[in-house]
Amino acid sequence: MKERGGAEPFKIKMVEPVGLTTKAQREEILKKAGYNQFRIPAEYVYIDLMTDSGTSAMSDNQWAGIMMGDESYAGARNFYHLRDTVREIFTYEYVIPTHQGRAAENILMSAVLWPGKYVLGNMFFDTTEAHIAHKGCKGVSFMIPEAYDTQSTHPFKGNVDVVRLEEFIRKEGASKVGMIIITVTCNNNGGQPVSMENVRQVSAVARKYGIPLFFDSARFAENCYFIKKREAGYGDRSILEIANEMFSYGDGATCSAKKSALVNIGGFLAMNSKELYDKCLEYLVLFEGFATYGGLAGRDLEAMARGLREGLDEAYLEDRIGQVEYLASALMEAGASVVLPPGGHAAYVDCKKTVPHLSWDKFPADSLGVALYLDCGVRTVGLGALAFAEKDPVTGEWVPPELELLRLAVPRRVYTDRHMNVVAEAMGRVLKRPEQIRGLRLVKEPARLRHFLSELEPI
Ligand code: F0G
């Protein structure tokens with residue numbers, strides 16, 4: 001494996017032991033967990049690449065902020081710090097704190113959607129799609145064709161297909177479209193960025209038809225970093241300036257602060273319209289809490305305000321995105337086919353290509369994930385048929401999703417490149433003996449959220 005030059009732009013002040021287990025123990029643990037990685041207690045996980053959400057290491061500055069938490073019910077000073085920070089980065093006037101991203105989605109959608117509306121965008125994250133459906137609406141995805149080609153090296157595979165988007169609006173009528181959401185970066189196809197040009201074009205369409213445009217901004221800082229590195233005209237701009245421009249094209253944003261904002265819990269909703277803000281406040285009080293804490297402690301608001309600013313630091317972003325790239329190339333060297341170009345928060349293994357001997361109904365992504373856990377205790381998440389297959393309403397048959405991916409998400413500031421080496425070496429060992437990846441079958445199948453709750457067994 002070709003090592004990265006330089007070193008992390010931080011030093012380590014506190015350490016946390018990791019779960020070391022033997023292969024025999026892991027065999028037992030998997031059996032008890034029904035071969036579902038969500039059911040494995042974290043203490044038995046050596047390197048946890050299940051998600052980059054809420055798993056960041058906070059800085060000394062954030063921990064110091066925790067001690068500055070003002071736990072007043074109303075008007076805590078940390079709220080004003082958060083509000084001013086969001087205003088400065090996102091350019092939006094009104095800020096509503098929430099306990100995490102999906103709570104912001106719930107409030108926004110409760111305020112702007114009613115049954116029968118469409119929500120258009122690039123690709124919606126599961127919770128976004130679920131909230132759209134919960135309001136009796138339908139999410140429709142308009143991705144550029146390269147988005148689904150795991151080997152295309154298009155620099156902005158999160159882009160919206162603006163032509164098809166506008167055609168849809170013209171055909172259905174703008175009044176049927178509740179809003180447009182651009183997810184930056186686009187998690188579902190590999191943490192792929194959206195270009196500034198594309199945001200500008202989508203914004204022009206949204207404004208032409210009077211449709212609100214919101215960002216799902218969970219990984220906005222990584223998206224801005226990719227714009228700086230890959231889009232002409234942005235090389236000399238700071239991440240803050242790029243974020244300001246990007247958000248200026250929209251009307252507001254939901255944010256899961258558990259990603260780019262480097263906190264373990266938190267989120268917010270921000271917007272320019274006072275009228276919408278007032279409507280959202282009613283739902284905030286109903287679902288989350290009062291306007292200045294929204295389901296969080298004052299200390300959480302402070303950690304979030306500080307994390308938002310730290311997340312813009314270029315040395316940090318270069319190191320972080322460099323580590324994801326490093327993992328992706330090490331996995332390729334180990335024989336895996338990886339989604340290209342590597343995204344901002346995870347390496348995604350294309351399991352149709354990497355374990356081609358397994359048909360989709362044997363859950364290739366989850367089977368490979370289980371094999372990796374068994375080999376060295378690394379935990380990942382399958383994003384394929386187990387998670388996303390849908391039952392055809394007419395025939396009742398399961399229809400697999402287009403992509404069968406195994407996501408190896410990299411928590412921020414948590415693991416070193418040596419951890420990444422361990423993961424890649426495990427992948428190499430596992431892929432050398434494909435006959436031992438035999439696939440999984442369901443033994444207990446919940447009606448919904450199969451990948452979180454189901455129990456399986458090896459075939
Ligand atoms: N939007 C995107 C793009 C996300 O990736 C997530 C969460 C959310 C919204 C919801 O935010 O978890 O704070 O309520 N993604 C996590 C993941 C869970 O593992 O990708 P939340």
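Could you grab me the full set of residues in the range 94-136 that are part of a loop (DSSP other than H, G, I, E, B) and either within 10 Å of the ligand (Cβ to nearest atom) or among the polar types (S, T, N, Q) (or both)?
Those that are part of a loop (DSSP other than H, G, I, E, B) and either within 10 Å of the ligand (Cβ to nearest atom) or among the polar types (S, T, N, Q) (or both): 99, 100, 122, 123, 124, 125.
To keep it simple, each residue is scored yes or no on (1) more than 25 Å from residue 311 (Cα to Cα); (2) open to solvent by less than 60 Å² (accessible area, probe 1.4 Å); (3) within 16 Å of the ligand (Cβ to nearest atom); (4) touching a Gly at 6+ places or on another chain (Cβ under 7 Å).
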residue	(1), (2), (3), (4)
12	no, no, no, no
16	no, no, no, no
20	yes, no, no, no
26	yes, yes, no, yes
33	yes, yes, no, no
50	no, yes, yes, no
55	no, yes, yes, no
60	no, no, no, no
63	no, no, no, no
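Could you identify the single residue in 445, 404 that is away from the ligand (no atom under 16 Å from the Cβ), touching a Lys or Arg at 6+ places or on another chain (Cβ under 6 Å) and in the same structural domain as residue 31 (by TED's automatic domain parsing)?
404
Which of (1) open to solvent by 10 Å² or more (accessible area, probe 1.4 Å); (2) touching a Lys or Arg at 6+ places or on another chain (Cβ under 8 Å) does residue 440 not meet, given it meets every other one?
Result: residue 440 fails condition (1) only.
Among the residues of the range 158-172, is any in contact with a Pro (Cβ under 6 Å, 6 or more places away or on another chain), of a type outside the set (S, T, N, Q), crowded, with 24+ Cβ neighbours inside 10 Å and in a loop (DSSP other than H, G, I, E, B)?
Within the range 158-172, one or more residues are in contact with a Pro (Cβ under 6 Å, 6 or more places away or on another chain), of a type outside the set (S, T, N, Q), crowded, with 24+ Cβ neighbours inside 10 Å and in a loop (DSSP other than H, G, I, E, B).
Which residue pairs have Cβ atoms closer than 7 Å, lie 6 or more positions apart in sequence or on different chains, and pair a first residue in the range 314-326 that is over 12 Å from residue 413 (Cα atoms) with a second residue that is part of a helix (DSSP H, G or I) and of a type outside the set (Val, Ile, Thr)?
Listed pairs, sorted by first residue: 326/417; 326/420.
Exactly one condition in (1) within 16 Å of the ligand (Cβ to nearest atom); (2) open to solvent by less than 50 Å² (accessible area, probe 1.4 Å); (3) modelled with pLDDT of 95 or more is false for residue 70; which is it?
Unmet condition: (1).
Considering only the range 140-154, state which residues are open to solvent by less than 50 Å² (accessible area, probe 1.4 Å), without any contact (Cβ under 8 Å) to a residue 24 or more places away in the chain and under 23 Å from residue 381 (Cβ atoms).
Within the range 140-154, just 141 meets the criteria.
Here are the criteria: (1) at pLDDT 95 or above; (2) open to solvent by 10 Å² or more (accessible area, probe 1.4 Å); (3) within 16 Å of the ligand (Cβ to nearest atom). Tell me which single one residue 188 does not satisfy.
That leaves (1) as the condition not met.
Which pairs have Cβ atoms under 7 Å, sit 6 or more apart or on different chains, and link a residue in the range 1-27 that is basic (Lys, Arg) to one that is not in a helix (DSSP H, G or I)?
26/377
Taking the range 282-316 as the search range and keeping residues that are within 27 Å of residue 229 (Cβ to Cβ) and among the hydrophobic types (A, V, I, L, M, F, W, C), which one is most open to solvent (accessible area, probe 1.4 Å)?
Restricting to residues being within 27 Å of residue 229 (Cβ to Cβ) and among the hydrophobic types (A, V, I, L, M, F, W, C), the top hit is 315.
Just for the range 126-139: of the residues that are within 20 Å of residue 211 (Cβ to Cβ) and open to solvent by 10 Å² or more (accessible area, probe 1.4 Å), which one is farthest from the chain's Cα centre (by Cα)?
Quick first cut of the range 126-139, residues within 20 Å of residue 211 (Cβ to Cβ) only: 128-129, 131-133, 135-139.
With the extra rule that they be open to solvent by 10 Å² or more (accessible area, probe 1.4 Å), the set shrinks to 129, 131, 133, 135-139.
Working: 129: 13, 131: 16, 133: 19, 135: 22, 136: 24, 137: 22, 138: 21, 139: 18 Å.
It comes out as 136.
Starting from residues that are among the basic types (Lys, Arg) and surrounded by fewer than 20 Cβ atoms within 10 Å (Cβ to Cβ), keep the ones in the range 201-222 and report whichever is farthest from residue 249 (Cα to Cα).
Restricting attention to the range 201-222, the residues satisfying the condition of being among the basic types (Lys, Arg) are 207-208, 219.
From the residues that got through so far, the ones that are surrounded by fewer than 20 Cβ atoms within 10 Å (Cβ to Cβ) too are 207-208.
Working: 207: 9, 208: 13 Å.
Going through the qualifying residues, I end up with 208.
Each row is one residue, and each column tells you yes or no for (1) closer than 19 Å to residue 354 by Cβ; (2) not in a helix (DSSP H, G or I).
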site	(1), (2)
306	no, no
317	no, no
321	no, no
325	yes, no
331	yes, no
342	yes, yes
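Give the residues of the range 426-437 that are surrounded by fewer than 20 Cβ atoms within 10 Å (Cβ to Cβ), in contact (Cβ under 8 Å) with a residue 60 or more places away in the chain and in contact with an Asp or Glu (Cβ under 9 Å, 6 or more places away or on another chain), sorted by residue number.
Scanning the range 426-437 gives a single hit, 428.
Consider residue 356 carefully, then state whether it is over 23 Å from residue 324 (Cα atoms), open to solvent by 20 Å² or more (accessible area, probe 1.4 Å) and either assigned to a helix (DSSP H, G or I) or of a type outside the set (Asp, Glu) (or both).
On the way: over 23 Å from residue 324 (Cα atoms): yes; open to solvent by 20 Å² or more (accessible area, probe 1.4 Å): yes; either assigned to a helix (DSSP H, G or I) or of a type outside the set (Asp, Glu) (or both): yes.
Answer is yes for this residue.
From the residues in the range 407-431 that are within 16 Å of the ligand (Cβ to nearest atom), touching a helix residue (DSSP H, G or I) at 6+ places or on another chain (Cβ under 7 Å) and of a type outside the set (Val, Ile, Thr), which one is nearest to residue 49 (Cα to Cα)?
So, considering only residues that are within 16 Å of the ligand (Cβ to nearest atom), touching a helix residue (DSSP H, G or I) at 6+ places or on another chain (Cβ under 7 Å) and of a type outside the set (Val, Ile, Thr), the one nearest to residue 49 (Cα to Cα) is 408.
Being surrounded by fewer than 13 Cβ atoms within 10 Å (Cβ to Cβ) and more than 19 Å from residue 50 (Cβ to Cβ): is that true of residue 391 here?
Details: surrounded by fewer than 13 Cβ atoms within 10 Å (Cβ to Cβ): yes; more than 19 Å from residue 50 (Cβ to Cβ): yes.
So residue 391 passes the test.
Being surrounded by fewer than 23 Cβ atoms within 10 Å (Cβ to Cβ) and free of Cβ contacts under 8 Å to residues at least 40 places away in the same chain is the filter here; which residues of the range 327-353 pass it?
Answer for the range 327-353, where residues must be surrounded by fewer than 23 Cβ atoms within 10 Å (Cβ to Cβ) and free of Cβ contacts under 8 Å to residues at least 40 places away in the same chain: just 332.
The values are calculated or read from the model by the stated rules, or taken from the named source; none is laboratory data. Model, not experiment: these values are computed from the prediction. All Cβ positions, glycine included, derive from the backbone under ideal geometry; neighbour counts span all protein chains shown. For the accessible areas, the whole protein counts, side chains as well, though only heavy atoms, and no ligand, DNA or RNA atoms are used. Shrake-Rupley method; radii C 1.70, N 1.55, O 1.52, S 1.80 Å.
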